[in-house]
Amino acid sequence: MTMVLSLQDIHFIREDRHILSGVNIDIRQGEHWVVLGRNGSGKTTVLELMNGYEFPTRGRVQVLGNTYGQCDVREVRKQIGYISQSLYEKLNAGDPVWEVIATGEFGYLRFYEEIPQAAREKAIAMLDRVKLAHLANQPLGTLSQGERKKVMLARALMTDPSILIMDEPCSGLDLYERERLLENVNVLGGQQMTVVYVTHHIEEIVPLFTHVVLIEQGRIIASGAKREVLTEENLAKAYQVPIRIEWSGERPWIKVL
Ligand SMILES: Nc1ncnc2c1ncn2[C@@H]1O[C@H](COP(=O)(O)OP(=O)(O)OP(=O)(O)O)[C@@H](O)[C@H]1O
């Protein structure tokens, strides 16, 4: 099977802190991965490395056959849709929503030149797809959490990416909006897009997901097929609380004992 994304023996050290140690993750075509772990375990750092916003102290990151450090990261990023608070914070809160979405087409964080008319029209069409056309001219920073999530999804889909990386996309969503977003993720993943998903909520691991990696203090403690990783033993170890899992179809539900 074709390799889509590969982190090889990654060490990430900042200010004398070993934030990731010896992390290996191989994601192949047809697989969809969830990254789990407690606050501060290193999940967002893993995603930032996948997007080339951070570079490892040691180790190698390969995305769609490109090795970071030996390729134009911005070109690779056009093939990755990224939804995260950390990316949101890199965007300009004062820019109108349509413009923020249009930047997704070019892998920019903001425009310093005139925006091509075609990109403008496409951005507005994407906004219409997530049913937020009425917000086109509103500044990004004024959106509600739910609107922000949908705008980030619209931005991520501008390039029709091969990979969709999502960092806690359901945080702040009500139950209805959460289930709708998860439905969208299920559909997008079914259409040849490889999904990588970070969450704190195990019930968000919808049937689409095939694999899970469990991180604790920057080290992988379990990785592989979903049912093999999501065991009561592994989760109790990662979260330090006794847990019962009940599977409903291919979706796990958690009870803390
Ligand atoms: N550039 C950096 N310099 C210093 N420390 C950093 C840097 N980037 C991340 N860290 C630290 O690394 C640790 C892991 O951060 P990360 O955001 O990856 O965790 P996380 O698992 O996503 O956490 P959460 O679930 O709370 O979002 C944190 O303690 C964070 O403070």
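The values are calculated or read from the model by the stated rules, or taken from the named source; none is laboratory data. Only a predicted model underlies this, so the values are computations on that prediction, with no experimental measurement involved. Note: ideal-geometry Cβ built from the backbone for every residue, glycine included; neighbour counts use all protein chains shown.
Structure above, values below:
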quantity	calculated
Matching entry among Asp160, Asp128 (being closer than 21 Å to Arg178 by Cα and acidic (Asp, Glu))	Asp128
Yes/no for Arg38 being closer than 20 Å to Phe209 by Cα, out of contact with any Leu (no Cβ under 6 Å at 6 or more places or on another chain) and within 12 Å of the ligand (Cβ to nearest atom)	yes
Among residues of segment 53-74, those that are out of contact with any strand residue (DSSP E or B) (no Cβ under 8 Å at 6 or more places or on another chain), in contact (Cβ under 8 Å) with a residue 24 or more places away in the chain and not in a loop (DSSP other than H, G, I, E, B), counted	1
Considering residues of segment 20-33 that are of a type in the set (A, V, I, L, M) and within 15 Å of the ligand (Cβ to nearest atom) only, the residue surrounded by the most Cβ atoms within 10 Å (Cβ to Cβ)	Leu20
Single residue of segment 7-19 satisfying the filter (within 8 Å of the ligand (Cβ to nearest atom) and assigned to a strand (DSSP E or B)) that is surrounded by the most Cβ atoms within 10 Å (Cβ to Cβ)	Phe12
Hits in segment 201-220 - residues which are of a type outside the set (Gly, Ala, Ser), within 13 Å of the ligand (Cβ to nearest atom) and in contact with a helix residue (DSSP H, G or I) (Cβ under 9 Å, 6 or more places away or on another chain)	His201, Val213, Leu214, Ile215, Glu216
Residue, nearest to the ligand (Cβ to nearest atom), within segment 51-67, restricted to residues that are out of contact with any His (no Cβ under 6 Å at 6 or more places or on another chain) and of a type in the set (S, T, N, Q)	Asn51
Subset tally (residues that are surrounded by 18 or more Cβ atoms within 10 Å (Cβ to Cβ) and part of a helix (DSSP H, G or I)) for segment 90-107	7
Flag if Glu48 is within 9 Å of the ligand (Cβ to nearest atom) and out of contact with any strand residue (DSSP E or B) (no Cβ under 8 Å at 6 or more places or on another chain)	yes
Which listed residue is crowded, with 18+ Cβ neighbours inside 10 Å, modelled with pLDDT under 95 and outside any loop (DSSP other than H, G, I, E, B), from Leu47, Leu36, Leu87	Leu87
